[in-house]
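These notes are about the structure you will find just below.
A short reminder: the numbers here are calculations on the coordinates, not readings from a lab. Note that the structure is predicted; figures quoted are calculated from it, not measured. FYI the Cβ positions are ideal-geometry reconstructions off the backbone, even for glycines, and counts take in every protein chain you see.
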Amino acid sequence: RIFSFLDVVTLCRCAQVSRAWNVLALDGSNWQRIDLFDFQRDIEGRVVENISKRCGGFLRKLSLRGCLGVGDNALRTFAQNCRNIEVLNLNGCTKITDATCTSLSKFCSKLRHLDLASCTSITNLSLKALSEGCPLLEQLIISWCDQVTKDGIQALVRGCGGLRALSLKGCTQLEDEALKFIGAHCPELVTLNLQTCLQITDDGLITICRGCHKLQSLCASGCSNITDAILNALGQNCPRLRILEVARCSQLTDVGFTTLARNCHELEKMDLEECVQITDSTLIQLSIHCPRLQVLSLSHCELITDDGIRHLGNGACAHDRLEVIELDNCPLITDASLEHLKSCHSLERIELYDCQQITRAGIKRLR
């Protein structure tokens, strides 16, 4: 019972004390959650096989993040032995191929969270396998798996309609058609990451907004084709939105952000870096309608002035919510903005790189 509270490293140390402690420390019931990232990253497949044989049905959560030496064979043995696994992190395990997802599909029907980020050999076949064998899947991360196309997404969502979080960051082959499948089959979706999915347009994202009313977090940074139509669709369909990241989406304007702010009052984090068309008007709307705002990036928004920061500093979020504001490369910002931010008592970080009109004296007064 006491050993059940110990981490991996401490359990291994205890196992060296005596034979009696070895038996207790290495009992499978003590190894329900294992994260090897901070312990040993250069492990080979046989270590995973040994762990799986010892833990068996007890193991619920395993992180092999960054374990470059672990491949399909080890994970097949793991899947066969640890059929109650619910959370599996294989981020950066670059030897992994579709064979691993086939094994998971065959033996691990209770899997809920799976991270395959940077496993670049993963293809549509993996998504098809997961759809067939892992119906309880709630969170899937396939960032930088750039062989995935709309066909894989279509197969996935038909069998995993309960998905709540999906990261497709860097899946550069995805088009609007893939988003239409998600919008049609994933009504429970809360988090969606589409960063640098360069082919995405308004057409696909509007389908997401209309089909996924529970959406709370959307990252579309780098999707440079999107326009204010997206912000309007979010405002009309996704009132629970808390996080919006649209860096480098240079077609977005004050008109769209006005609609968004007036309808999405739970916004907490916004990344508007390089949304070069926005002006103080957007900040005025945020200051009035978004009292929960904590993090705001306005870097390279070169039309922002002290007046916009003044409204933000007097806004509903200012006194006890706003924690981070990024103003890098905003050339019109002066020391006056720092004076306006003095009322933001929760502020932890301000970024002011290349704000030429900010002086040492202004910073000293703020500090």
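Annotation for E44 and E132: the two label points, set 7 Å from Cα along the Cα-Cβ direction, are 3.3 nm apart. Summing +1 for each Lys or Arg and -1 for each Asp or Glu among the other residues whose beta-carbon sits under 14 angstrom from that of D98 gives +1. Within the chain, all pairs of alpha-carbon atoms sorted by distance into 20 Å bins from zero give the percentages 28, 44, 27, 2.
Size of the range 249-354 from its Cα atoms: along the principal axes, largest to smallest, the extents are 30, 29, 19 Å.
In the range 68-195, the alpha-carbon atoms span a convex hull of 78 Å³ per residue. Fully extending the segment from L26 to S224 would add 66.0 nm, taking 0.36 nm per residue of separation and subtracting the current Cα-Cα distance.
Report the local net charge at E175: Lys and Arg +1, Asp and Glu -1, summed over other residues whose C-beta lies under 15 Å from its C-beta. Value of the local net charge: -4.
Classified by the C-alpha gyration tensor, the range 164-205 has an oblate form. Its axis ratio a/c, with a ≥ b ≥ c, is 1.5 or above, and a/b does not exceed b/c.
If a spin label sat at a point 7 angstrom from the Cα of Y353 along the line to its beta carbon, the backbone N atoms of the range 294-331 nearer than 12 Å would be those of 299-300, 327-330. Scoring 162-168, 337-343 by mean Cβ neighbours within 10 Å over their residues and listing the highest first yields 162-168, 337-343. Using the Kirkwood radius over Cα pairs, work out the Stokes-Einstein diffusion coefficient for the range 210-257 at 37 °C and 0.692 mPa s, in µm²/s as a whole number. Answer from the Stokes-Einstein relation: 301 µm²/s. Stokes-Einstein, applied to the Kirkwood radius of the range 118-255 over Cα pairs at a viscosity of 1.002 mPa s and 20 °C, places its translational diffusion at 147 µm² s⁻¹.
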